[in-house]
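Heads up, the thing below is written out as structure tokens.
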Amino acid sequence: GPRVGILALQGDVREHARALEACGATAVPVRRPGELAAVEGLIIPGGESTTIDKLTRIFGMRDPLLERIAAGLPVYGSCAGMIMLADEIADPARDLDGNPQQTLGGLDITVRRNAFGRQVDSFETELEFQGLAPEGGAETPLHAVFIRAPWVERVGVGVQVLATVRAPGTLAPAAPNPGQTGGQTARIDPEVRAVAVRSQHLLATSFHPEVTGERRIHELFIRMIRGEA
Ligand code: GLN
């Protein structure tokens, strides 16, 4: 199978490695530019996006990652990995100097971190997920585990929403996106939040398929790497 890297600076690297191997791929931890250069796809795992952001710069990985993402490397981000792929964070963490955390970007979406709130720190639900079944096959619901998860409040044109949840009623509306120039913004129904999105070679989920034995998301990503999805 394809050689798929897992960005191994922080987060649940081993769980993704197990899921990839179960799908017939070769999982490779990636910490250095040379390791990144040798993979056909990359997973950014769940963990803590502020830490992953800092470590990408400390390890000299930020520019190599930006270059390969821009060049079309297939990348799948789960949870903190989704945040790293987002062009915009509605509520970024700030360091002591007031500088906001950075993302790698590539996906024209706005995410909100820890969006489901303290009372529902972590939860599990069944999702309807678009495009997992083979041609003509029936979709069975996907059991999804959310752990201090982000959700997607805005998707740009060309970003497909693959799965959604109903938003709790207490939320502030999505922040406007001052950085965005040109094009249209497809604001999603305010009652609904996206928890899985795809744009061309980039795939992101708010939840963690790697912790449940669910393999269909990793299979989809491998099909993307092969150019079959
Ligand atoms: N809340 C974390 C963050 O902001 C993400 C949590 C996770 O990856 N399970 O990075």
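The values are calculated or read from the model by the stated rules, or taken from the named source; none is laboratory data. Small disclaimer: the values here were computed from a predicted structure and weren't measured. Quick reminder, even Gly has a Cβ in these numbers, built from the backbone with ideal geometry, and neighbours come from all protein chains shown.
Filter segment 42-58 down to the residues that are of a type in the set (A, V, I, L, M, F, W, C) and either within 9 Å of the ligand (Cβ to nearest atom) or under 26 Å from residue 21 (Cα atoms) (or both) and list them by number. 42, 43, 44, 52, 55, listed by residue number.
Figure legend. Inter-residue proximity from segment 130-151: first residues among the polar types (S, T, N, Q) and within 16 Å of the ligand (Cβ to nearest atom), second residues outside any loop (DSSP other than H, G, I, E, B) and modelled with pLDDT of 95 or more, beta-carbon distance below 8 Å, spacing 6+ or different chains. No pairs are indicated. Got at least one residue in segment 102-116 being in contact with a Phe, Trp or Tyr (Cβ under 6 Å, 6 or more places away or on another chain), within 16 Å of the ligand (Cβ to nearest atom) and small (Gly, Ala, Ser)? Yes, the conditions are met somewhere in segment 102-116. In segment 26-60, the qualifying residues are those that are touching a residue at least 40 places away in the same chain (Cβ under 8 Å) and among the small types (Gly, Ala, Ser), and the one that is surrounded by the most Cβ atoms within 10 Å (Cβ to Cβ) is 46. If you go through segment 162-218 and pick out every residue that is modelled with pLDDT under 65, touching a Lys or Arg at 6+ places or on another chain (Cβ under 8 Å) and not aliphatic (A, V, I, L, M), you end up with 3. Just one residue in the set 154, 68 is farther than 21 Å from residue 229 by Cα and more than 10 Å from the ligand (Cβ to nearest atom); that residue is 154.
For residue 85, indicate whether it is of a type in the set (A, V, I, L, M), within 13 Å of the chain's Cα centre (by Cα) and at pLDDT 95 or above. Yes; evaluated as a whole, the condition is true for this residue. Within segment 189-221, the set of residues being surrounded by fewer than 21 Cβ atoms within 10 Å (Cβ to Cβ), of a type outside the set (Ser, Thr, Tyr) and in a strand (DSSP E or B) comprises just one member, 192.
For segment 1-19, filtering for residues that are touching a Gly at 6+ places or on another chain (Cβ under 8 Å) and either among the acidic types (Asp, Glu) or in contact (Cβ under 8 Å) with a residue 40 or more places away in the chain (or both) leaves 7. Could you list all residues from segment 1-21 that are within 12 Å of the ligand (Cβ to nearest atom) and among the charged types (D, E, K, R)? 12, 15, listed by residue number.
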